[in-house]
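Below is one structure; the comments refer to it alone.
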Amino acid sequence: MINSENNPEAAPVGKPPTRNEGLKENSPTLSGNILSTLNDPNVDRFSEDDYEFLKFHGIYQGDDRDLRKTGKTYQFMIRGRLPGGIVTADQYIAFDDIACRYANNTLRITTRQSFQFHGVVKSGLGPLMKKINDSMCSTIAACGDVNRNVMAAPTPATSPVIELVQQHARDVSNALLPQSKAYHQIWVEGVELNLAEENKTFVDPLYGKTYLPRKFKVAFAIPPLNDVDVFTNDLGFVAIVEGDQLLGYNVIVGGGLGMSHGNAQTYPRVGDLLGFITPEQLIEVSKGVLTVHRDFGDRTNRKHARLKYVIEERGVEWFRNELETRLGYKLETARPYKFTKQGDQYGWHKQLDGKYFLTLFVENGRIKDTETWQLKTALRKVVAEFRPEVRLTPSQNLILTNVQPEQRDGINKLFAEHKIATENQGSAIRLASIACPALPTCGLALSESERVMPEVITRIEGLLAETNLAGEEIVIRMTGCPNGCARPYMAEIAFVGRAPNKYQLYLGGNEASTRLNKLFKENVKNDEIESALRPLFSRYSSERASGERFGDWVERVLWKETVPAQS
Ligand code: SRM
Ligand code: SF4
């Protein structure tokens, strides 16, 4: 049904494939020369070609941009593959050890429910990768032109079907894994057996020789909570539940957020609702959608290579037809569903099985110790002593699950000793905010994000108080460039890095994260944020309908009288 030949129809006539396509073609096991460079103590980095293969292994090569004045200090970022964001207590402890020993002593929860290690030097890379694999976790396909970490609703109290949905996320993750043995040979066994030979003949059964034109992302949501931002994924599954039965999933295709400033060929897009499938159809539908991307994505331009452009340009009906032809059956009509909210449920809550879970706010996902706040130490102690399961959320927070009722006091006490509150963890806007890492680790950052966001939120808290809006929840997101890693285009207010200290100000996303926002003002300097927002907050405060959120007021009032700027 699904063949692995890439479709020549897909390439725009006359344009050559990108450099990455040639690299994959020549080393389809994705081995490159990684192992020989890894074993060479005299070099501090990999070649540019091998860097492209490293990504498929979950590794990014970059440098600390704070140190550039004295030349480049090479370092690595390693991203885990943790479908649904779940780790055991032992795995959490192993990750905490790795962060102390080989990285910059922080763990970074990502917006796709994984962990990243930052600041790893080359000599630490091999041991770190081995330790991750020893802990029964992996980093394979956490990056690269393949299916990325599959997201799934993490909050235990939301639905009786949550564990089944999590299992389905793991099933899809496994079914879409690349099959090359290179990852295992390089990072686990430390010897390449016959990869050079295999590169002449290897063809991945699903991905073919050249994998996908670009990354591919899958998420599972359980209404009414859209905590995974399902519409921003290449492929989204929305659980349809009756009583405590999972009937199946509505399928959403063609979401994605990355864009480049000033390039109209690139844009954020929310996915289209395609139809309904049963749980038994999940794997073949996932493979079907992925292979349409494989065969029709633009391999001549990596900025235009995501599935969203195939669907936008060829049309949803064309896509449905192509998918149904591959499947050999028609999708059922989508079933009714409604999202009302995104984000996490903070503090202590009872699970459906009578145990408890605790959701902790982790500002911008960074688990670290500071002089006033020892989150990393506290978490390590709590996990070691009480052994909860740990779940990472798409809003960069952390949930401790399966806590026995009698353990709650001990956990509260340990966190309090390290100045971590388990209830009333912050203002509503702070708890609803996320920011990408940006400087100094991200090579693509145009401005600060994670490092300035806490202070920006403090100033916006002040502004809300000044305009009689204290305590109001507004979803605010920041990124250091337009790639969209903190999903800014879904936020009620977003700051998207344009240049050092300058941001594009986007307004008008909604609470359920189903609507794209629009550009309101360009090149807003960090210290101009209050003056840009003050008049809007004042009007919103006096003009809002009862219970109306800021993003909805923007949509109802502001966009009727102001034409959004061109991005
Ligand atoms: Fe991302 C690239 C960080 C989620 C869109 N992203 C990057 C890189 C690897 C920079 C690079 O290529 O050199 C960033 C590493 C920064 C660092 O120092 O750690 C980076 N992206 C992140 C994370 C860590 C942000 C965070 O705050 O948690 C997220 C890791 C998720 C994970 O565990 O897999 C992360 N990135 C996203 C998302 C949100 C999502 O997937 O839900 C998006 C928008 C959705 C989408 O894909 O359309 C996103 N990242 C991008 C893009 C733009 C892709 C595009 O289609 O144009 C890039 C640039 C690229 O790929 O060339 C990028
Ligand atoms: Fe880097 Fe841009 Fe992603 Fe932020 S949004 S992590 S600056 S690529």
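Only the coordinates and a few stated rules stand behind these numbers; no lab work does. Keep in mind that this is a model prediction, so the values were computed, not measured. Virtual Cβ from ideal backbone geometry, glycine too; neighbours counted across all protein chains shown.
Tabulated values for the structure
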| read-out | value |
| --- | --- |
| Stokes-Einstein D (µm²/s) once Rh is taken as the Kirkwood radius of region 88-169 over alpha-carbon pairs, at 4 °C in 1.567 mPa s | 91 µm²/s |
| No Cys partner within the rule (Cβ under 4.7 Å), the chain | CYS100, CYS137, CYS143, CYS442, CYS481 |
| Charge dipole of the chain about the Cα centre (unit charges at C-beta), most positive-ward option of GLN345, LEU558, THR111 | LEU558 |
| Of the DSSP H helices in the chain, those whose Cα atoms cover at least 15 Å axially and whose Kyte score averages -1.0 or more | 89-102, 122-134, 162-175, 282-296, 316-327, 375-386, 453-466, 529-543 |
| For peptides 335-342, 83-90, sequence by mean Cβ density within 10 Å, most packed first | 83-90, 335-342 |
| Distance (nanometres) between label positions extended 7 Å along Cα→Cβ at ASP44 and ASP527 | 3.5 nm |
| Prolate/oblate/rounded label for region 495-539 (Cα gyration tensor, a/c 1.5) | oblate |
| Shape of region 14-68, Cα gyration tensor, a/c cut at 1.5 | oblate |
| Dipole magnitude of region 460-534, debye to nearest 20 (Cβ charges: Lys/Arg +1, Asp/Glu -1, about Cα centre) | 460 debye |
| Top positive-direction residue, dipole computed over the chain with Cβ charges, set GLY144, PRO394, ILE132 | GLY144 |
| Relative contact order (percent, whole number), region 261-363, Cα cutoff 8 Å, 6+ residue spacing | 27 percent |
| Principal axes of the chain: Cα extent on each, largest first, Å | 68, 55, 52 |
| Extension gain from GLU406 to GLU543, taking 0.36 nm per residue of separation minus the Cα-Cα distance | 44.5 nm |
| ASP227, ASP295 arranged by Cβ crowding within 10 Å, fewest neighbours leading | ASP295, ASP227 |
| Long-range amide H partners of ASP204 with built H, under 5 Å | LYS209 |
| Relative exposure of ILE59, ILE411, judged by other C-beta atoms within 10 Å (fewest first) | ILE411, ILE59 |
| Point-to-point label distance, VAL316-ILE283, nm (Cα→Cβ direction, 7 Å offset) | 2.9 nm |
| Options SER513, MET77, GLY62, ranked by Cα towards positive dipole end of the chain, top entry (Cβ charges) | GLY62 |
| Electrostatic dipole magnitude of the chain [Cβ: Lys, Arg +1; Asp, Glu -1; Cα centre; debye, to 20] | 800 debye |
| Ascending count of other beta-carbon atoms within 10 Å, so fewest first, for CYS137, CYS481 | CYS137, CYS481 |
| Distance violations [Cα-Cα > 25 Å] among LYS130/LYS287; LYS69/LYS217; LYS55/LYS209 | LYS130/LYS287; LYS69/LYS217 |
| Length-normalised contact order of region 205-301 in % [C-alpha pairs under 8 Å, at least 6 apart] | 25 percent |
| Distance (nanometres) between label positions extended 7 Å along Cα→Cβ at ALA565 and ASP134 | 5.2 nm |
| Cα-based reach from LYS525 at 12 Å (exclusive), listing aspartates and glutamates while leaving out same-chain residues under 8 positions away | GLU448 |
| Cα-centred dipole magnitude for region 152-301, charges only on beta-carbon of K, R (+1) and D, E (-1), debye, nearest 20 | 520 debye |
